[in-house]
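Reading through the structure tokens given below for one structure.
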Amino acid sequence: MKAEDNVSMVMQFVLLGFYELPQLQKLLFGVFFIVYMIILIGNSLIIVLTKLDPALQKPMYFFLANFSSLEICYVSVTLPRILMDLWTQDRRISVLDCATQMCFFLILGTTECLLLAVMAYDRYVAICNPLHYLLVMNQKMCIQLAVGAWISGIPIQIAQTCQIFSLHFCKSNQINHFFCDIPPIFKLACGNTFIHELSVYVVSVLFATIPLMLILASYSKIVSTILRLSTARGRAKAFSTCSSHLLVVILFFGTATITYLRPKSNHSAGMDKLLSLFYTIVTPMFNPMIYSLRNKDVIAALRKLLLRKTL
């Protein structure tokens, strides 16, 4: 029987995950569980604060609440599965479940790229055109931008997932990763995957590179405007509202771009796992800290909430 004929018999993959660290499985479970709780609590707290505090009823915090909701969804696609695999040591995953996980992961990753671009545009209008800020970033516009960021990638990423899983997997059913991601799936495919890889590059450019260029263009105008401000206090305040967002952009886009825009020949399982840990787990964990500790309005809202609870 030909290797390609075995494809119909492959009903499941095996996520190898952290198989090379057998002595640390329970420790890793504990670490990832704590990280998951930090992500859920931290991002949920930001959502609650933006809803309850009148001082945070601004476009900037509307997008921040959307971003925190996105981060909860984003990590929930991968981390619960990682925790289950570490606890049970049963790393089997059906082809359908693997495709579903990848599809949601790609859709939410696209949403994150677009939402970060929207947040950069919001800061651009606020700093470069402050007199018209509330007129431009009205409630209708904010909702349209947020909805657009959430749904724009859905049809394309569904199509891309279907295209990837139409490949013949005849080399192995063992995915050397802790979730179903594109690079390790391509390694299992037999035959020529050039067209599929080209498709991934095109989609990556569309939903990652272009938003990144828009973010950089926005911040170049922002920096230029800030440097023209007459007072040091004004410059410091303007920089403080942008630095948190820019740090998140660097963390997310830096690792994700390296992962998906590297040539296939340069991919290694160890490096792919390390980079994936950053943009799937580490960045969402630090986002609430970055946005809260560097934002006086959020800190003030948190203090008011804590004082209300203690009274």
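The values are calculated or read from the model by the stated rules, or taken from the named source; none is laboratory data. Please read all numbers here as calculations on a predicted model, not as lab measurements. Glycine also receives a Cβ, built like all others from the backbone with ideal geometry; neighbour counts cover every protein chain displayed. Remember, those area values only see protein heavy atoms, side chains included, never the ligands or the DNA or RNA. Shrake-Rupley method; radii C 1.70, N 1.55, O 1.52, S 1.80 Å.
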Hydrodynamic radius by Kirkwood for the range 101-168, inverse mean 1/r across distinct Cα pairs, in Å, is 13.5
Taking the Cα atoms only, what angle lies between the long axis of helix 232-261 and the longest principal axis of the chain, rounded to 10 degrees? 10
For the chain, dividing by residue count, accessible area per residue (probe 1.4 Å) in Å² works out to 50
Per-residue accessible area, 1.4 Å probe, largest first, puts 95, 205 in the order 205, 95
Surface accessible to a 1.4 Å probe, residue 169 within the full protein complex, Å²: 20
Taking 0.36 nm per intervening residue step and subtracting the Cα-Cα distance, what contour gain separates residue 233 from residue 268 on full extension? 7.9 nm
What FRET efficiency would be calculated for the residue pair residue 135, residue 307, taking the C-beta separation as r and a Förster radius of 35 Å, to the nearest 0.05? 0.50
So how tilted is helix 194-204 from the main axis of the chain? Cα-based, degrees 0 to 90, rounded to 10. 10
Once a ≥ b ≥ c are taken as the square roots of the eigenvalues of the Cα gyration tensor of the range 131-173, is the result rounded (a/c under 1.5), prolate (a/b larger than b/c) or oblate (a/b not larger than b/c)? prolate
Taking every C-alpha to C-alpha distance in the range 119-218 and binning by 5 Å from 0, the per-bin percentages run 2, 10, 16, 16, 14, 11, 9, 8, 7, 4, 2, 1, 0
Could you pull out every Cys in the chain that lacks a partner Cys with its beta carbon under 4.7 Å away? 73, 103, 113, 128, 142, 162, 242
Which aspartates and glutamates does residue 187 reach when only Cα atoms under 17 Å apart count, and residues fewer than 8 places away in its own chain are ignored? 4, 197, 272
Links exceeding 24 Å between C-alpha atoms in this model, out of 58/304; 58/140; 221/273, come to 221/273
Counting only protein chains, not ligands or nucleic acids, how are 272, 297 ordered by accessible area (probe 1.4 Å), most first? 297, 272
Just by accessible area at a 1.4 angstrom probe, what is the order of 45, 27, 106 from largest to smallest? 27, 45, 106
